[in-house]
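Written below as C-alpha coordinates is the structure these notes are about.
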Amino acid sequence: MRAEVCQFGAGDDLAWDGYVSRATDAGVYHRRGWARVIERTYGHAPVYLWVHDDSGVRGVLPLVLFRGALGGRSLVSLPFLDEGGLCADDAEARAALWAAAQAAATRERAGVVELRQGYPSGLPLASLGAKVSVMLDLAADPEVMWKRLDAKVRNQVRKATTSGLTPAWCGIEALDDFYAVFAHNMRDLGSPVHSRRFFAAILEEFAGDARLLLVRDGARVVAGGVVMTFRDTVLVPWASSLREWRSRCPSNLLYWEVIRSACDKGLPVLDFGRSSRGGGTYKFKMQWGGRERPLPWQVDPSHRASVIHSDDPRYQWVIQAWQKLPVGLTKVVGPVLRKRLSN
(Lines give C-alpha, C1' and ligand atoms only; values in the text may rest on other atoms or scores of the structure.)
Protein backbone atom coordinates (compact mmCIF):
# COMPACT_ATOMS: atom_id res chain seq x y z
CA MET A 1 0.00 0.00 0.00
CA ARG A 2 1.34 3.44 -0.98
CA ALA A 3 0.27 6.83 0.40
CA GLU A 4 1.45 9.76 -1.72
CA VAL A 5 0.56 13.14 -3.18
CA CYS A 6 -1.89 12.78 -6.04
CA GLN A 7 -0.69 14.71 -9.09
CA PHE A 8 -3.17 16.66 -11.19
CA GLY A 9 -3.94 15.21 -14.58
CA ALA A 10 -6.78 13.58 -16.48
CA GLY A 11 -5.93 10.04 -15.38
CA ASP A 12 -5.54 10.87 -11.71
CA ASP A 13 -8.67 13.02 -11.75
CA LEU A 14 -10.73 10.10 -13.04
CA ALA A 15 -9.27 7.67 -10.51
CA TRP A 16 -9.76 10.11 -7.61
CA ASP A 17 -13.34 11.05 -8.49
CA GLY A 18 -14.15 7.44 -9.27
CA TYR A 19 -13.22 6.51 -5.71
CA VAL A 20 -15.20 9.47 -4.31
CA SER A 21 -18.26 8.46 -6.29
CA ARG A 22 -18.39 5.03 -4.64
CA ALA A 23 -16.89 5.56 -1.14
CA THR A 24 -19.59 5.46 1.53
CA ASP A 25 -18.28 8.38 3.61
CA ALA A 26 -17.23 10.62 0.71
CA GLY A 27 -19.09 13.84 0.06
CA VAL A 28 -19.32 16.45 -2.64
CA TYR A 29 -16.37 18.37 -1.17
CA HIS A 30 -14.03 15.41 -1.70
CA ARG A 31 -14.23 15.92 -5.47
CA ARG A 32 -10.99 16.97 -7.17
CA GLY A 33 -12.56 20.09 -8.65
CA TRP A 34 -12.51 21.91 -5.31
CA ALA A 35 -8.71 22.03 -5.43
CA ARG A 36 -8.94 23.98 -8.66
CA VAL A 37 -11.69 26.26 -7.29
CA ILE A 38 -9.67 27.21 -4.19
CA GLU A 39 -6.35 27.60 -5.98
CA ARG A 40 -7.85 29.56 -8.86
CA THR A 41 -9.70 31.93 -6.53
CA TYR A 42 -7.35 32.42 -3.59
CA GLY A 43 -4.04 30.89 -4.64
CA HIS A 44 -3.87 28.28 -1.85
CA ALA A 45 -1.94 25.24 -3.08
CA PRO A 46 -3.62 21.81 -2.95
CA VAL A 47 -1.87 18.88 -1.28
CA TYR A 48 -4.17 16.00 -2.20
CA LEU A 49 -3.15 12.67 -0.69
CA TRP A 50 -4.33 9.23 -1.63
CA VAL A 51 -3.49 5.68 -0.72
CA HIS A 52 -3.69 2.82 -3.18
CA ASP A 53 -2.50 -0.70 -3.84
CA ASP A 54 -2.77 -3.17 -6.70
CA SER A 55 -6.56 -3.28 -6.30
CA GLY A 56 -6.91 0.49 -6.79
CA VAL A 57 -7.58 3.55 -4.61
CA ARG A 58 -8.17 2.74 -0.94
CA GLY A 59 -8.60 6.23 0.51
CA VAL A 60 -8.24 9.96 -0.08
CA LEU A 61 -7.41 13.05 1.99
CA PRO A 62 -7.80 16.42 0.23
CA LEU A 63 -5.69 19.09 1.93
CA VAL A 64 -4.96 22.72 1.14
CA LEU A 65 -1.86 24.59 2.30
CA PHE A 66 -3.42 27.56 4.07
CA ARG A 67 -1.76 30.71 5.39
CA GLY A 68 -4.03 32.34 7.96
CA ALA A 69 -4.63 35.96 8.95
CA LEU A 70 -1.81 35.86 11.51
CA GLY A 71 0.66 34.29 9.09
CA GLY A 72 0.60 30.72 10.40
CA ARG A 73 0.67 27.86 7.91
CA SER A 74 -1.66 24.90 8.21
CA LEU A 75 -2.94 22.01 6.13
CA VAL A 76 -6.73 22.19 6.10
CA SER A 77 -9.26 19.72 4.74
CA LEU A 78 -10.97 21.81 3.57
CA PRO A 79 -11.02 25.61 4.00
CA PHE A 80 -14.15 27.62 3.09
CA LEU A 81 -16.29 24.46 2.84
CA ASP A 82 -18.63 22.64 5.22
CA GLU A 83 -16.56 19.49 5.36
CA GLY A 84 -13.84 17.39 3.80
CA GLY A 85 -11.41 15.28 5.75
CA LEU A 86 -10.12 11.77 5.53
CA CYS A 87 -12.11 9.12 3.66
CA ALA A 88 -10.72 5.57 3.57
CA ASP A 89 -11.78 1.95 3.27
CA ASP A 90 -10.22 0.64 6.49
CA ALA A 91 -7.99 1.41 9.48
CA GLU A 92 -4.80 0.58 7.58
CA ALA A 93 -5.62 3.09 4.84
CA ARG A 94 -6.60 5.74 7.40
CA ALA A 95 -3.32 5.34 9.28
CA ALA A 96 -1.33 5.57 6.05
CA LEU A 97 -3.10 8.78 5.01
CA TRP A 98 -2.63 10.39 8.43
CA ALA A 99 1.07 9.52 8.40
CA ALA A 100 1.35 11.04 4.92
CA ALA A 101 -0.45 14.17 6.13
CA GLN A 102 2.01 14.56 9.01
CA ALA A 103 4.92 14.15 6.61
CA ALA A 104 3.39 16.75 4.27
CA ALA A 105 2.98 19.17 7.19
CA THR A 106 6.66 18.82 8.02
CA ARG A 107 7.65 19.24 4.39
CA GLU A 108 5.46 22.33 3.93
CA ARG A 109 6.34 23.79 7.36
CA ALA A 110 2.69 23.71 8.39
CA GLY A 111 2.08 23.85 12.12
CA VAL A 112 -1.17 21.90 12.18
CA VAL A 113 -3.35 19.53 10.15
CA GLU A 114 -7.12 20.12 10.43
CA LEU A 115 -9.62 17.46 9.38
CA ARG A 116 -13.06 18.92 8.86
CA GLN A 117 -14.75 15.57 8.80
CA GLY A 118 -18.26 14.88 7.62
CA TYR A 119 -18.05 11.51 9.37
CA PRO A 120 -15.77 10.25 12.19
CA SER A 121 -12.19 9.71 11.05
CA GLY A 122 -11.43 6.90 13.47
CA LEU A 123 -8.29 8.75 14.60
CA PRO A 124 -7.56 9.75 18.23
CA LEU A 125 -7.67 13.51 17.60
CA ALA A 126 -9.16 16.45 19.50
CA SER A 127 -12.58 17.83 18.60
CA LEU A 128 -12.64 21.15 16.75
CA GLY A 129 -15.87 23.07 17.37
CA ALA A 130 -19.41 21.73 17.43
CA LYS A 131 -20.89 22.40 14.00
CA VAL A 132 -23.72 20.34 12.52
CA SER A 133 -25.33 19.89 9.14
CA VAL A 134 -29.11 19.83 9.02
CA MET A 135 -30.46 17.05 6.81
CA LEU A 136 -34.03 16.60 5.55
CA ASP A 137 -35.42 13.32 4.22
CA LEU A 138 -37.55 13.99 1.14
CA ALA A 139 -40.63 12.26 -0.22
CA ALA A 140 -40.83 11.05 -3.80
CA ASP A 141 -43.91 13.23 -4.42
CA PRO A 142 -43.80 17.02 -3.82
CA GLU A 143 -47.43 16.98 -2.68
CA VAL A 144 -46.66 14.39 -0.01
CA MET A 145 -43.67 16.44 1.06
CA TRP A 146 -45.77 19.59 1.25
CA LYS A 147 -48.21 17.93 3.62
CA ARG A 148 -45.35 16.80 5.85
CA LEU A 149 -44.24 20.37 6.50
CA ASP A 150 -45.29 22.24 9.59
CA ALA A 151 -48.30 24.50 9.04
CA LYS A 152 -46.25 27.58 9.92
CA VAL A 153 -43.69 26.76 7.21
CA ARG A 154 -46.40 26.18 4.60
CA ASN A 155 -47.99 29.53 5.52
CA GLN A 156 -44.64 31.28 5.09
CA VAL A 157 -44.21 29.78 1.61
CA ARG A 158 -47.77 30.84 0.70
CA LYS A 159 -47.05 34.34 1.99
CA ALA A 160 -44.07 34.61 -0.34
CA THR A 161 -46.01 33.47 -3.40
CA THR A 162 -49.16 35.51 -2.71
CA SER A 163 -47.02 38.63 -2.24
CA GLY A 164 -45.70 38.19 -5.77
CA LEU A 165 -42.31 36.57 -5.20
CA THR A 166 -41.23 34.02 -7.81
CA PRO A 167 -38.35 31.50 -7.96
CA ALA A 168 -36.12 31.08 -11.02
CA TRP A 169 -33.39 28.51 -11.79
CA CYS A 170 -30.35 30.03 -13.48
CA GLY A 171 -26.78 29.38 -14.47
CA ILE A 172 -23.63 31.45 -14.35
CA GLU A 173 -25.31 34.17 -16.41
CA ALA A 174 -27.17 35.23 -13.22
CA LEU A 175 -24.07 35.32 -11.00
CA ASP A 176 -24.06 39.12 -10.66
CA ASP A 177 -27.66 39.05 -9.40
CA PHE A 178 -26.87 36.37 -6.82
CA TYR A 179 -23.64 38.02 -5.73
CA ALA A 180 -25.30 41.40 -5.15
CA VAL A 181 -27.68 39.81 -2.64
CA PHE A 182 -25.01 37.62 -1.09
CA ALA A 183 -22.55 40.47 -0.58
CA HIS A 184 -25.23 42.69 0.94
CA ASN A 185 -26.25 39.97 3.38
CA MET A 186 -22.66 39.20 4.38
CA ARG A 187 -22.12 42.90 5.13
CA ASP A 188 -25.24 42.91 7.31
CA LEU A 189 -23.93 39.84 9.16
CA GLY A 190 -20.54 41.47 9.68
CA SER A 191 -18.66 38.81 7.73
CA PRO A 192 -16.12 39.35 4.92
CA VAL A 193 -17.66 38.20 1.66
CA HIS A 194 -16.17 35.62 -0.68
CA SER A 195 -14.82 36.78 -4.00
CA ARG A 196 -17.21 36.73 -6.94
CA ARG A 197 -14.53 34.60 -8.65
CA PHE A 198 -15.08 31.91 -5.99
CA PHE A 199 -18.66 31.35 -7.11
CA ALA A 200 -17.80 31.69 -10.79
CA ALA A 201 -15.19 28.96 -10.36
CA ILE A 202 -17.71 26.68 -8.63
CA LEU A 203 -20.33 27.14 -11.34
CA GLU A 204 -17.75 26.51 -14.07
CA GLU A 205 -15.99 23.56 -12.40
CA PHE A 206 -19.23 21.78 -11.50
CA ALA A 207 -21.36 22.99 -14.39
CA GLY A 208 -23.47 19.84 -14.48
CA ASP A 209 -24.10 19.74 -10.74
CA ALA A 210 -24.23 23.38 -9.56
CA ARG A 211 -26.88 25.98 -10.33
CA LEU A 212 -28.17 29.25 -8.98
CA LEU A 213 -31.70 29.64 -7.64
CA LEU A 214 -33.01 33.20 -7.40
CA VAL A 215 -36.15 34.65 -5.87
CA ARG A 216 -37.46 37.78 -7.56
CA ASP A 217 -39.89 40.52 -6.68
CA GLY A 218 -40.69 41.62 -10.18
CA ALA A 219 -37.32 42.45 -11.71
CA ARG A 220 -35.56 42.76 -8.34
CA VAL A 221 -33.62 39.76 -7.01
CA VAL A 222 -34.26 39.54 -3.26
CA ALA A 223 -32.83 36.10 -2.41
CA GLY A 224 -30.56 33.52 -3.95
CA GLY A 225 -28.65 30.34 -3.33
CA VAL A 226 -26.04 28.03 -4.80
CA VAL A 227 -27.62 24.59 -5.20
CA MET A 228 -25.54 21.48 -5.85
CA THR A 229 -26.22 17.77 -6.28
CA PHE A 230 -24.02 14.85 -5.33
CA ARG A 231 -25.21 11.27 -5.74
CA ASP A 232 -28.62 11.15 -4.00
CA THR A 233 -28.32 14.49 -2.17
CA VAL A 234 -29.16 18.09 -3.01
CA LEU A 235 -27.16 20.70 -1.10
CA VAL A 236 -27.47 24.45 -0.51
CA PRO A 237 -24.00 25.53 0.68
CA TRP A 238 -24.59 29.28 0.28
CA ALA A 239 -27.85 31.23 0.42
CA SER A 240 -28.85 34.78 1.30
CA SER A 241 -31.77 37.18 1.23
CA LEU A 242 -32.18 40.93 1.61
CA ARG A 243 -33.33 42.03 5.05
CA GLU A 244 -35.85 44.51 3.64
CA TRP A 245 -37.80 41.59 2.14
CA ARG A 246 -37.56 39.15 5.08
CA SER A 247 -41.15 39.84 6.16
CA ARG A 248 -42.28 38.37 2.82
CA CYS A 249 -40.37 35.11 3.43
CA PRO A 250 -38.22 34.85 0.27
CA SER A 251 -35.90 32.29 1.91
CA ASN A 252 -38.86 30.01 2.63
CA LEU A 253 -39.85 30.14 -1.02
CA LEU A 254 -36.26 29.46 -2.08
CA TYR A 255 -35.94 26.34 0.06
CA TRP A 256 -39.38 25.07 -0.88
CA GLU A 257 -38.43 25.33 -4.55
CA VAL A 258 -35.23 23.35 -3.81
CA ILE A 259 -37.33 20.69 -2.04
CA ARG A 260 -39.98 20.57 -4.77
CA SER A 261 -37.40 20.23 -7.53
CA ALA A 262 -35.45 17.55 -5.63
CA CYS A 263 -38.62 15.51 -5.08
CA ASP A 264 -39.41 15.71 -8.79
CA LYS A 265 -35.91 14.44 -9.60
CA GLY A 266 -36.12 11.56 -7.12
CA LEU A 267 -33.40 12.91 -4.80
CA PRO A 268 -34.19 11.61 -1.30
CA VAL A 269 -32.07 13.95 0.87
CA LEU A 270 -31.56 17.71 1.28
CA ASP A 271 -28.43 18.94 3.05
CA PHE A 272 -29.15 22.45 4.35
CA GLY A 273 -25.46 22.92 5.15
CA ARG A 274 -23.42 23.83 8.20
CA SER A 275 -24.86 25.62 11.24
CA SER A 276 -24.05 26.30 14.86
CA ARG A 277 -26.44 24.40 17.09
CA GLY A 278 -29.04 26.79 18.51
CA GLY A 279 -28.23 29.66 16.14
CA GLY A 280 -30.71 31.49 13.96
CA THR A 281 -29.91 29.61 10.74
CA TYR A 282 -30.01 26.32 12.67
CA LYS A 283 -33.54 27.08 13.91
CA PHE A 284 -34.65 28.11 10.42
CA LYS A 285 -33.41 24.82 8.97
CA MET A 286 -34.80 22.63 11.73
CA GLN A 287 -38.30 24.05 11.31
CA TRP A 288 -38.54 22.14 8.02
CA GLY A 289 -38.42 18.87 9.94
CA GLY A 290 -34.70 18.32 9.60
CA ARG A 291 -32.34 16.18 11.64
CA GLU A 292 -28.84 16.90 12.86
CA ARG A 293 -25.74 15.32 11.39
CA PRO A 294 -22.75 16.25 13.57
CA LEU A 295 -19.63 17.45 11.77
CA PRO A 296 -16.77 15.91 13.77
CA TRP A 297 -14.03 18.36 12.83
CA GLN A 298 -10.72 17.29 14.36
CA VAL A 299 -7.22 18.55 14.99
CA ASP A 300 -4.06 17.25 16.59
CA PRO A 301 -4.57 18.09 20.30
CA SER A 302 -1.05 19.50 20.59
CA HIS A 303 -1.69 22.23 18.00
CA ARG A 304 -3.90 25.29 17.62
CA ALA A 305 -6.40 25.29 14.77
CA SER A 306 -7.05 28.13 12.30
CA VAL A 307 -10.83 28.33 12.86
CA ILE A 308 -12.14 31.71 14.03
CA HIS A 309 -15.51 31.54 15.78
CA SER A 310 -17.77 34.49 15.01
CA ASP A 311 -19.45 34.24 18.42
CA ASP A 312 -16.12 34.79 20.19
CA PRO A 313 -16.53 38.04 22.21
CA ARG A 314 -13.07 39.18 21.08
CA TYR A 315 -14.34 39.67 17.51
CA GLN A 316 -17.66 41.42 18.21
CA TRP A 317 -16.21 44.89 17.71
CA VAL A 318 -14.83 43.81 14.31
CA ILE A 319 -18.23 42.46 13.27
CA GLN A 320 -20.00 45.64 14.37
CA ALA A 321 -17.52 47.83 12.52
CA TRP A 322 -17.86 45.73 9.35
CA GLN A 323 -21.65 46.11 9.43
CA LYS A 324 -21.25 49.87 9.08
CA LEU A 325 -19.16 49.71 5.89
CA PRO A 326 -20.60 50.44 2.43
CA VAL A 327 -21.41 47.22 0.57
CA GLY A 328 -19.27 48.31 -2.38
CA LEU A 329 -16.23 48.61 -0.13
CA THR A 330 -16.83 45.17 1.41
CA LYS A 331 -16.83 43.64 -2.08
CA VAL A 332 -13.28 44.93 -2.55
CA VAL A 333 -11.83 44.38 0.92
CA GLY A 334 -13.87 41.31 1.89
CA PRO A 335 -12.25 38.81 -0.51
CA VAL A 336 -8.77 39.95 0.59
CA LEU A 337 -9.66 39.09 4.19
CA ARG A 338 -11.69 35.99 3.33
CA LYS A 339 -8.61 34.51 1.66
CA ARG A 340 -7.04 34.31 5.14
CA LEU A 341 -10.12 33.08 7.01
CA SER A 342 -10.55 29.35 6.63
CA ASN A 343 -14.10 29.08 8.08
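Would you tell me the accessible area of E143, worked out with a 1.4 angstrom probe on the heavy atoms of the protein chains, in Å² to the nearest 10?
Looks like 110 Å² after rounding.
Remind me, relative contact order of the stretch 188-343 in percent, using alpha carbon pairs under 8 angstrom and six or more residues apart? Show your work: numbers first, answer last.
Values: 147 pairs, mean separation 45.0, N = 156.
29 percent.
Between S261, S55, S241, which gets the highest mean-square fluctuation from a Gaussian network model of the chain, Cα cutoff 10 Å?
In the Gaussian network model the winner is S55.
Using only Cα atoms, locate the centre of the stretch 129-188 and the centre of the stretch 264-296, then give the distance between them in Å, rounded to an integer.
12 Å
Take the Cα radius of gyration of the chain and divide it by 2.2 N^0.38 Å, with N its residue count; two decimals is plenty.
Normalised Cα radius of gyration, the chain: 1.00.
Mind ranking 281-289, 175-183 by how tightly packed they are, going by the mean number of other C-beta atoms within 10 angstrom, highest first?
Per-residue Cβ counts within 10 Å, averaged per peptide and sorted highest first, yield 175-183, 281-289.
Percent relative contact order of the chain, based on C-alpha pairs within less than 8 angstrom and at least six residues apart?
22 percent
What is the stretch 144-263's relative contact order, in percent, from Cα pairs under 8 angstrom and six or more apart in sequence?
On the way: 169 pairs, mean separation 37.1, N = 120.
With pairs under 8 Å counted, the relative contact order is 31 percent.
About its Cα centre, what dipole magnitude does the chain give when the only charges are +1 on Lys and Arg Cβ and -1 on Asp and Glu Cβ, stated in debye to the nearest 20?
Roughly 1420 debye for the chain.
What whole number of Å gives the distance from the Cα centroid of the stretch 20-58 to the Cα centroid of the stretch 74-104?
Taking the Cα centre of each part, the stretch 74-104 and the stretch 20-58 sit 10 Å apart.
Quick check: from the Cα gyration tensor, does the stretch 153-291 come out rounded (a/c under 1.5), prolate or oblate?
Rounded shape, in that the Cα axes give a/c under 1.5.
Subtracting the Cα-Cα distance from 0.36 nm times the residue separation, let me have the gained length for N343 to R243 in nm, one decimal.
Working: separation 100, 0.36 × 100 = 36.00 nm, distance 2.34 nm.
Net length gain for the segment: 33.7 nm.
In nm, what is the difference between 0.36 nm times the number of residues separating R148 and S21 and their Cα-Cα distance?
Length difference between fully extended and current span is 42.6 nm.
For the stretch 83-238, what does the alpha-carbon gyration tensor say about shape, rounded, prolate or oblate, given a ≥ b ≥ c as the root eigenvalues, a/c under 1.5 as rounded, and a/b over b/c as prolate?
prolate
Using only the Cα atoms of the stretch 240-287, build the gyration tensor, take square roots of its eigenvalues as a ≥ b ≥ c, and label the shape rounded, prolate or oblate: rounded if a/c is under 1.5, else prolate if a/b is larger than b/c, else oblate.
It comes out oblate by the Cα gyration axes.
How many percent of the accessible area of the chain is carbon or sulfur, using a 1.4 Å probe?
Exposed carbon and sulfur together represent 53 percent of the surface.
With the alpha-carbon atoms as the only input, what is the per residue convex hull volume for the stretch 1-121 in Å³?
It comes to 97 Å³ per residue, whole-number rounded.
Each residue of the stretch 40-53 in turn: what ³J(HN,Hα) in whole Hz from Karplus with 6.51, -1.76, 1.60 and θ = phi - 60°, glycine and Pro shown as x?
Running phi through 6.51 cos²θ - 1.76 cosθ + 1.60 with θ = phi - 60° gives 5, 7, 10, x, 6, 7, x, 10, 8, 9, 9, 10, 8, 9 Hz.
Which residues' amide hydrogens lie under 5 Å from the amide hydrogen of R277, considering only partners 5 or more residues apart or on another chain, with H built in the peptide plane?
Those qualifying (amide H under 5 Å, at least 5 residues apart or on another chain) are V132.
List, in order, the whole-Hz ³J(HN,Hα) value for each residue of the stretch 59-70 obtained from phi through the Karplus relation with A = 6.51, B = -1.76, C = 1.60 and θ = phi - 60°; use x for Gly and Pro.
Ordered by residue, 3J(HN,Hα) equals x, 9, 9, x, 10, 10, 6, 10, 10, x, 4, 9 Hz.
Round to the nearest 0.05 the FRET efficiency obtained for R107 and E204 when R0 = 25 Å and r is the Cβ-Cβ distance.
After rounding to 0.05, the efficiency reads 0.20.
What is the antiparallel percent of DSSP beta bridges lying wholly in the stretch 25-144, to the nearest 5?
Among the beta bridges of the stretch 25-144, antiparallel pairing accounts for roughly 75 percent.
Using a probe radius of 1.4 Å on heavy atoms only, what accessible surface per residue do you get for the stretch 200-301? Whole Å² is fine. Kindly include the intermediate steps, with their values, before the conclusion.
Working: 3840 Å² over 102 residues.
It amounts to 38 Å² per residue over the stretch 200-301.
The values are calculated or read from the model by the stated rules, or taken from the named source; none is laboratory data. All values reported here derive from a predicted model rather than from experimental measurement. Note: ideal-geometry Cβ built from the backbone for every residue, glycine included; neighbour counts use all protein chains shown. Please note that ligands, DNA and RNA were not included when accessible areas were found on the heavy atoms of the full protein model with its side chains. Shrake-Rupley method; radii C 1.70, N 1.55, O 1.52, S 1.80 Å.
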